[in-house]
Every structure is written in structure tokens, then in C-alpha cells.
1. Which residue pairs have Cβ atoms under 9 Å apart, sit 6 or more places apart or on different chains, and have a first residue in the stretch B:287-299 that is of a type in the set (Ser, Thr, Tyr) and a second that is assigned to a loop (DSSP other than H, G, I, E, B)?
2. Is it the case that B:Gly137 is more than 23 Å from B:Gly295 (Cβ to Cβ), in a helix (DSSP H, G or I), touching a Leu at 6+ places or on another chain (Cβ under 6 Å) and not acidic (Asp, Glu)?
3. Report whether or not B:Asn143 is away from chain A (no Cβ under 14 Å), buried (at least 17 other Cβ atoms within 10 Å of the Cβ), polar (S, T, N, Q) and farther than 21 Å from B:Gly269 by Cα.
4. I'm trying to understand the selection: among the residues of the stretch A:115-126, which are away from chain B (no Cβ under 12 Å) and aliphatic (A, V, I, L, M)?
5. Looking at the stretch B:293-313 only, could you name the residues that are away from every other protein chain (no Cβ under 14 Å) and surrounded by fewer than 20 Cβ atoms within 10 Å (Cβ to Cβ)?
6. Sort out which residues of the stretch B:237-260 are over 22 Å from B:Ser281 (Cα atoms) and either within 7 Å of chain A (Cβ to nearest Cβ) or under 15 Å from the mean Cα position of the chain (by Cα) (or both), and write them in order of number.
7. Given (1) closer than 22 Å to B:Ser215 by Cβ; (2) surrounded by 15 or more Cβ atoms within 10 Å (Cβ to Cβ); (3) more than 9 Å from chain B (Cβ to nearest Cβ), where does A:Trp164 come up short, assuming only one miss?
8. For residues in the stretch A:127-161 being within 11 Å of chain B (Cβ to nearest Cβ) and among the basic types (Lys, Arg), which is farthest from A:Gly66 (Cα to Cα)?
Amino acid sequence: MSEPLLDIRHLSKSFGPVQALSDLSMTVGAGEVVALAGDNGAGKTTLIKAVSGVYRPSGGEIRLSGRPVAFASPQEARAAGIETIYQDLALADNLTIGANIFLGREPMRRAFGFLPVLDRRRMAEAARATMALLDFHVSRMDAPVSNFSGGQRQAVAIGRAVYWDARILIMDEPTAALGVPEQRKVIGLIHQLKAQGRGVIFISHNLQDIFAVADRIVVLRRGVMAGARRIAETTHDEVVRLMIGG
Amino acid sequence: MTATPPQTGSGATAAAPPADHADRARTPLQRIADLRAWLFLAALVLGFEAWSRIDFGGTFILNPFNIQSIAIFAVAPLLLATGQTFVIISGGIDLSMGFIMGLAAVVAAHVIGWATPTIGPGWAVLLGLLVSVGVAGIPGMVNGLLVSRLRVPPFIGTLGMFGVARGVAFLLAGGTTVPVSNPAFSALGNGRLWGVPWIVIVAAAFVLAMHYLLSQTRFGQHNYAIGANEQAARRAGIDIRSHVLRLYILSGLCAGLAGFLYAARFSAGAAQAGEPLLLDSVAAVVIGGASLFGGSGTILGTVAGAFVIAVIQYGLVFINVEPFWQFISVGVVIIVSVLIDQAQRRFSGGRVGE
């Protein structure tokens, strides 16, 4: 087997005397979806924050395509291709899809040959192409994101990561706030990301969703690995037992 | 989508709407609501026109003197409102602008009065412009530091600066108005180019530049993003602290230019020059369609809002109504604007409070 995209080795994180995460190892391969499960306080959030550059790990190592990395900030992690999509989506509702994709990195053009202005057409075209890649066909690129449904907005957040060529997407409860049809749409999106050869870490409380989309599942309990299984070789009951420690 | 998993829940298979095409175009009603400040303005002008024709057989808006007077009248509130538009879109408010304007007017009068004999009228005016606008940037910078570094709520921080700028302006003015005698300065304040007052030309050019800054640059784009979702803007890598700092400096500079032009128009600086204009500036922004919660608003809307207020104030004087009706009318227009704004949000189904 080739080098995994993301290789987390013996990762630990403590906050003063509190050991939030200890000696955790897991990998994510290209085109692989790994679900992260566990009760509240099990260490899921600590883990993804350590991987995405929000926290500095107190021990262990993170390797990206075989190379050890240490991120001082989320920006550095993003530049290296690790994008986190938060529950609250982190979109500016009053801006278009294109403006959201390019937020903070807007392309400029010169009007009349000298005056720098935002290149809205380029943003719109990139947005249309990116959303099409995710099988979302949006007709009006000049509408603010607030006009779209929850699943569509989730797709915009994912689209931003895809446009900037994220190789690892960390998704924190991407289906939690959505209705059933929208949840399916997001599950479909994750399948698309997988087909494109990206690695996905998928945090969810919803075992239905996990079993629908993940290749493997890693269960945390009180900061330690409670078990890792291939989805094909496990059951809902076994996962629940791992989570609650039965 | 092919890979939809089998769901164990109830028969939720058939009812799924085609989510891809649920994005709505703006309805005609929304488009009209977007233009409401301009419609207000047109209605007001027509109303005054009708009144003045019926009452004394004269025209209101076709009289060039009236147009000029309204434009001159609107200069200072419009400049304040332009800076205020940026601040309000970002989700803040700047209450100190009125006295920053007064401070700049006093500084401009002092500097020009002092420099005219030594460097001549023309250079003195230029020096006065640079110093007064520069000085106006200082309280703006303090506002920006308070809000961005020390996390002071804008309402409180700029309220404090309101008091400080007021006190400093009155101290510098020695508690009175500061007269200044400079032919170039009063030519700027009262002269005309092809019949258009210079101060209107300067203000229009400045407002146009601010429209460009808000609608066509990264600074403007980030301003909208911060007003809608500061967290999102931060995660996108936007340096919020430096943006907010520059934002309040910008609003200080707008107030500074307003003060400089005020001093030019009256050949005097007065600390209280901008005192009644602060609330007008906020009102102009709100009438112009911005939300006080941040995230929306345009300079063009604010221009219409400023002219709505100017037309009401001037028009009521013109048709000989007691001046106190101005307050009532402007107040009613503000309330109606906000009501229309809220109705629009409800109709458009925008996720405002999410």
C-alpha cells in the first residue's frame, strides 16, 4: 500500500493537567473516508483542531504524504491542503458563492487598464465550475448565499475547499443541521470527494450517515482510541459498544 | 446523484425537492425595495413640487437655486454618512464623527489662519486640508484600536471618543468660533465651477471614490464579510484587527473632510459644527437601505438617504412649514425605512438571525 495522505502517529494533547488526547494513531488514505465517532468530550474536536493547526500537539507527529508537518496556525494547515469545514459553515451569508469561495483571496482585474477592481466574472465562473464538480448546478451566481438551502450552503463550504485544492477535508457534523433530503445530498458530496481522490475525516453522531459513506471508523473514548474498524466488518451495535465502553 | 444510501426511516424517498434549483431570483418587489431610498426621494421631490405649485404657483425642484442649496446643505451629512456606511456595514457604529468634524473645522481654521501670511493663501489651504484631515484620523485611529485590540463595543468606544473629541475641539477653539480670512479658502467654500459649488464637486468626487472602495475592492468586500459573519472572515484569513483599525481611521477622515469643507464654507471653524449631523448620518445610512446589524448597505443608497433628509429639511423651510416638522418627518422616514427593510427580509426568506 502506498503512503497514506495523512498519517497521525502517537498524537497527544493536554491542557494543563487534563489529558484530552493521548497516544492516538490513525491514517487517512487518498480517496478514503474515515469517520470519527465518540461521545461528547471523547477528544474528537481536540484531534481535528490539532490536525488543522488550531492547537499545537503536546506529543506525537503528523505526516502529510510522508512528510512530518507542524502547523502554527489554521492558515498554514490550509496552505498545506488541510481544510476544515465547521458545523456553522463559516460563510458570509450576504456574499455570493464566488465571493465566499474567494473570501480573503479575491482575484482582481484592471478596469479601463489601470483601476484595480474585483474580478466578479472570474469568481462567478470559478464558482459555477466548482459547484458543477460537486454536481450542484446553480443558475444564479449573483445571489447571496442566504438565498440557498442548508445543503447547498454546505456544498458551498465544501466547494471552497475543493477549489483551493484541499487534499484532506475535515468535516465536523456536516449533516447535523439538515433535513433528510439535504443530508443525502451531503452524503453524495462526500462520495464525490472520495471519487476525486481526496481524504475525508468525517465527524458524526449519526451512525446511519457513517455507515452510508465511511470506509473506516475510528472511535474515541475519553481521549484514547477505543477501536478502529472497517465499516464493512462492523455493525451499529459494535460501534455503540465501543463508544460507551460496554 | 447515484450513491444515495438506503435509509431506514419512514418513506422519505419521494418528497425530496430538487434542491439544486431552489435558488431564488430576486422578485420585482425586492428590487423595488432595494431602490426604496431613491423612490422616497422622488416622491418627496414630487410632493414638494406639487405643494409649491398649488400654494404659490412656483416651482420647487426646477429652480436651480433650490437644487444648489440642497446640494450644499447635503455635503456635510453626506460625508459623515459615507464613513458611517462603512462602519455600519461592518457591524459597528461611529458616534464620534460629529465632533471629529468640529475638531477638524477648528484645526483647519487655526492652521490656515496661521499659515496664510507666511506661505500664501493657496499653500495655506492645502496645508490646512492635510493637517485637519490628518488630525481627524487620530481619534479615528483611537476608535479603531479600542474596538479592534481592546474589544470595546463600538457604541461605547466611539461614545467615549465623542466626549474626548468634543472637549478637545472646544479647548482648541477657546470656546468660541475661530474665524479665518483667506481668499482661496472662501473661494473654495463659496465659489462655483460652471455653476456647481466647489464643495459639492469635492464631496461628489470623494463619495464616488468611496463607492469604488466599498463596491470594487477587497477592503469593501471584506467589510461586508465581517459585518455578516466575523468568524467566517477570520477563518478565511482576513486580518480583522487591521481591517477594523483602518475602517475607523477612514470614518475619521470622512469627518475630517466634512469639517474642512465646513470651515471653507463659513470661513470659520466651530467645535459644534457637526453636532446635529451625527444622527442625520446614521439616519441617512438606514434610509439608504443598510441594516444596523451589519452586512448590508451601499454608498449609492446612502447618497439617496442623505438627500432624502436634505430635501425634507430644505423643502419644509421652502414651503414655510414650522421647522420642528423636520424632526418629525425625518423620524417617520427612518421608522418607515426600517419597517420596509424588515418586511423585505421576511418576504425574501433571508436567514437573518441564523
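1. B:Ser291/B:Gly297; B:Ser291/B:Val352; B:Ser296/A:Asn94; B:Ser296/B:Gly289; B:Ser296/B:Ala290; B:Thr298/B:Gly288; B:Thr298/B:Gly289; B:Thr298/B:Ala290
2. Working: more than 23 Å from B:Gly295 (Cβ to Cβ): yes; in a helix (DSSP H, G or I): yes; touching a Leu at 6+ places or on another chain (Cβ under 6 Å): yes; not acidic (Asp, Glu): yes.
Answer is yes for this residue.
3. yes
4. Hits for the stretch A:115-126 are A:Ala124, A:Ala126.
5. The one that is away from every other protein chain (no Cβ under 14 Å) and surrounded by fewer than 20 Cβ atoms within 10 Å (Cβ to Cβ): B:Leu300.
6. Of everything in the stretch B:237-260, those that are over 22 Å from B:Ser281 (Cα atoms) and either within 7 Å of chain A (Cβ to nearest Cβ) or under 15 Å from the mean Cα position of the chain (by Cα) (or both) turn out to be B:Gly237, B:Ile238.
7. (1)
8. A:Arg140
The values are calculated or read from the model by the stated rules, or taken from the named source; none is laboratory data. Because the structure is predicted, anything quoted here is derived from the model rather than measured. With ideal geometry, Cβ positions are generated from the backbone for all residues, glycine too; neighbour counts draw on all protein chains shown.
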